[in-house]
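What follows is a set of notes on a single structure, which appears directly below.
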Amino acid sequence: MSDNDEEMAMAQRAMQLSSGAGARSERERDRALLRAAAAGDDAAVRDIFRRHVDRLHRHVARILGGDDPDVEDVVQQVFLAALDGAERFDGRSSLSTWLFGIATRRALDAARSRWRRRRWSRLAEHVGLGVPAAAPDRSVHPAADAAHYLARLSPEQRVVFLMHDVEGYTFAEISGVTGVGISTLHGRLTAARRRLDELARELGDD
């Protein structure tokens, strides 16, 4: 190896060490900020809320549906849960990733509950116990169409599709957030993509 190659390799190692130290330092600051917020520091609470609310709101809305009335409530639950569980944040991940995990679990719980209610509603309609709701008007509105098709996925499929294909998380990261095995996540994503492809073909045939 030439002197230039050795110098470049040393510079790269130094940059990697510096980057790792910077990430650790930022996580320590996040940990201190979260603990201050949990202890009643209003400025810390506002700082955390301001930095993370938009992304969390967007994620929860994608899981539940943008016009779902429970989105705001779930987002509030996320911040309350974070303050209540501040001691459990150990800094191994960023505060953003940790909050994202809480948001995913809370939204998934709400989506599963709604999914069960909708299944019962469809059964009730089938046996004559209810009146079918009118189909929403989604006239030539791509965002509404996307939300409609995402709602056709099961909550579990919806979460892995949004986190992997929309947010860009790896299977390992999603597994860490949800507690679901990578092979199961892969199967759910495959099923979600297949279902969305079917819906897209149906739209093309209309």
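Table for the structure above
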{"item": "Ranked packing of 173-186, 54-67, most packed first, by mean Cβ within 10 Å", "result": "54-67, 173-186"}
{"item": "Asp41 versus Ala146: modelled label distance in nm, points set 7 Å from Cα along the beta carbon direction", "result": "3.7"}
{"item": "Label-point separation, Asp67 to Ser183 (7 Å along Cα→Cβ), nm", "result": "4.2"}
{"item": "Computed FRET value (nearest 0.05) for Ser113 with Ala81, which takes r as the C-beta separation and R₀ as 22 Å", "result": "0.85"}
{"item": "Label-point gap, in nm, between Phe49 and Val166 - each point 7 angstrom along Cα→Cβ", "result": "2.5"}
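Bear in mind these aren't lab numbers, they're just calculated from the coordinates by the rules spelled out. Please read these numbers as outputs of a predicted model, since none were measured by experiment. Here the Cβ is made from the backbone with ideal geometry for all residues, glycine too, and neighbour counts use every protein chain on show.
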